[in-house]
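Student: Right, I'll just put the structure down here and ask away after.
Rule-based calculations on the coordinates, nothing more; no lab input. Quick caveat, the model's predicted, so the values are computed rather than measured. Cβ coordinates were reconstructed from backbone atoms using ideal geometry, including for glycine residues, and neighbour counts include every protein chain displayed.
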Amino acid sequence: MHVAELWRHPVKSLQGEPLDEVTVENSGLLGDRKWGIVDQETGMVLTARRVPSLLLASARLTSAGVEIALPDGEVLTAPSPDADDVLSTWIGRPVRVAHPESMDAAVGEYFADATDDNSTVLSWTMPPGRFVDALPLLVVTTASLRQGRALHPDGAWDARRFRPNIVIDVDDEGWVEDRWCGRTVRIGTAVVQPAVPCARCTMVTRPQPGLDRDLDVFKALARHHGATFGVWTAVQTPGLMRVGDEITVDD
């Protein structure tokens, strides 16, 4: 087994940036989900669950903060008042780019029915320190991507749809990473522990560049795998990960 892909998402719900190597901190990948776009009126952290167009923009970490590229090619440097103004016009409501440390609690919203944007809207509170849904890292394997493709062959089972931090290439079959929960996984000089399968929502159905909207991706997971895909993972020992690093799983 080895690391096939590493992904950092500097701004929650925007497209991420692929990396060749990355530092792993106790709270996650360096710079991952350290910024969010916040509704100025409600205080909610916007996500593509409620604002699908966010997935059409991308973000990458810079020494000045974060660089955001909009679908029309305009590039913004955030946080800044100018970036907030342009994003507010693009999204259609007053927003600001915020760091989690500027908020008492980061609250986001999602639809009760992942296949129906008219269903009841629910909210959840994110852990402190980053705009992550649950634990610091999300891990998926190529085995699970193949399993999903077998269940829904017409779907695009691209890792980007599932927004992982680490994609692990394995020769095994089935939902391999589920079997790692509670075990120790060594990747590069870092040590992590998968904890629980990731419950999926409407995010996996959303369109983004190169990926069409596809409700059947979620439906296939709901029918065959309890609507989960990948595993939420905690960091036991910080370190450095590189694409190509071999991986060992301890009992």
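Student: Sort 85-94, 185-194, 124-133 for me by packing, meaning the mean count of neighbouring Cβ atoms within 10 Å per residue, highest on top.
Tutor: Per-residue mean Cβ counts within 10 Å order the peptides as 185-194, 124-133, 85-94.
Student: If you bin every alpha carbon distance in the stretch 21-103 into 5 Å steps from zero, what whole percent lands in each bin?
Tutor: Computed distribution, short to long bins: 3, 14, 25, 28, 18, 9, 3, 0.
Student: Multiplying the sequence separation of A134 and E41 by 0.36 nm and subtracting their Cα-Cα distance, what value in nm do you get?
Tutor: 31.0 nm
Student: Which percentage, to the nearest 5, of the DSSP beta bridges contained in the stretch 2-250 is antiparallel?
Tutor: 90 percent
Student: Dividing the Cα convex hull volume of the chain by residue count, how many Å³ per residue is that?
Tutor: That works out to 121 Å³ per residue.
Student: Using a simple spin-label model with points 7 Å from Cα along the Cα→Cβ vector, what separation in nm is obtained for H2 and A150?
Tutor: 2.4 nm
Student: Now, a different point. Counting every Cα pair in the stretch 66-152, what percent are over 14 Å apart?
Tutor: 77 percent
Student: Placing +1 at every Lys and Arg Cβ and -1 at every Asp and Glu Cβ, with all other atoms neutral, what dipole size does the chain have around its Cα centre, in debye to the nearest 20? Each step should come with its number before you reach the end.
Tutor: On the way: 24 positive and 36 negative charges, 67 e Å.
Roughly 320 debye, rounded to the nearest 20.
Student: Continuing with this model, one more query. Starting from the Cα of S119, step 7 Å along the direction of its Cβ; do the same at N26; then give the gap between the two resulting points in nm.
Tutor: About 3.7 nm separates the two model spin labels.
Student: For D172 and T237, FRET efficiency with R0 = 22 Å and r from the beta-carbon atoms, rounded to 0.05? All intermediate terms of the calculation are to be shown ahead of the outcome.
Tutor: Working: r = 25 Å, r/R0 = 1.13.
With a Förster radius of 22 Å, E is 0.35.
Student: Which of the listed residues, L55, L87, I247, is farthest toward the dipole's positive end in the stretch 2-250, when Lys, Arg count +1 and Asp, Glu count -1 at the beta-carbon?
Tutor: The Cα lying farthest towards the positive end belongs to I247.
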